[in-house]
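Inspection log for the structure reproduced underneath, given as structure tokens.
The values are calculated or read from the model by the stated rules, or taken from the named source; none is laboratory data. Predicted, not measured: the structure shown is a model, and the values here were computed from it. Surface accessibility is based on the protein's heavy atoms, side chains included, excluding ligands, DNA and RNA. Shrake-Rupley method; radii C 1.70, N 1.55, O 1.52, S 1.80 Å.
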Amino acid sequence: MQITLAVLALVALSFGEAKPILEEPKFCNDLECPHFNTINKTDKYEVRSYPTPYKWVSTVVAGYEYDEAVRMGFMRLFKYIEGANVKKMKIPMTVPVAVEIQPGQGPFCKNNFTINFFVPFEDQADPAAPTEEDVFISTLPAITAYVKVYGGYSNLDLVQKYSEELGEDLVKDGLGDTFRKDVFFTAGYNSPFKPINRHNEIWYLRKDSVAKPILV
């Protein structure tokens, strides 16, 4: 993503300021992240249950390709955690940066993207309301997800590659009718300044999951 070095430095600092917590997955890098249970794991994907509805701060970007939409959405939400909220408070960075994708007619072009930051646990009961009109608080209901992990700096090409691979693997395992094909998520866990050991995910939601976040 083409963000200025000054902004990248602030983003990297925010990733480092969150309060350390115990017993989180290593890939959360000592940042708060939503709790989940691993139901099953293969050499190609895992099945996770996120049993608790969680609040997220969200923004919708439409009419752009994936990479530009994520850049725009990230910066809107970064402004929120830097103080663009009614409490004018700085909010610790969390992970993942989750992007809900509702595919359109073309290959990831001009689709609807909802970019989401996880609300810290201590603020879940009463998140600070955003001051920008295009940012809002939402609740993602409890979900079960098929998750594929991949490395590197995520981009459109990698999202296309690994989302297709995950779908093909699920079909091969006889699970083709169990996951939703009208929506899926990407999830990123790393600061832009971490060049190695990066952790990205694709989430396909099981059909008994609710896909669209609920506005608070």
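Just a few scattered comments:
- Note on the range 118-216: semi-axes of the ellipsoid equivalent to its C-alpha gyration tensor, largest first and rounded to whole Å, are 27, 20, 11.
- Percent accessible area from carbon and sulfur atoms, the range 108-216, protein chains only, probe 1.4 Å: 53
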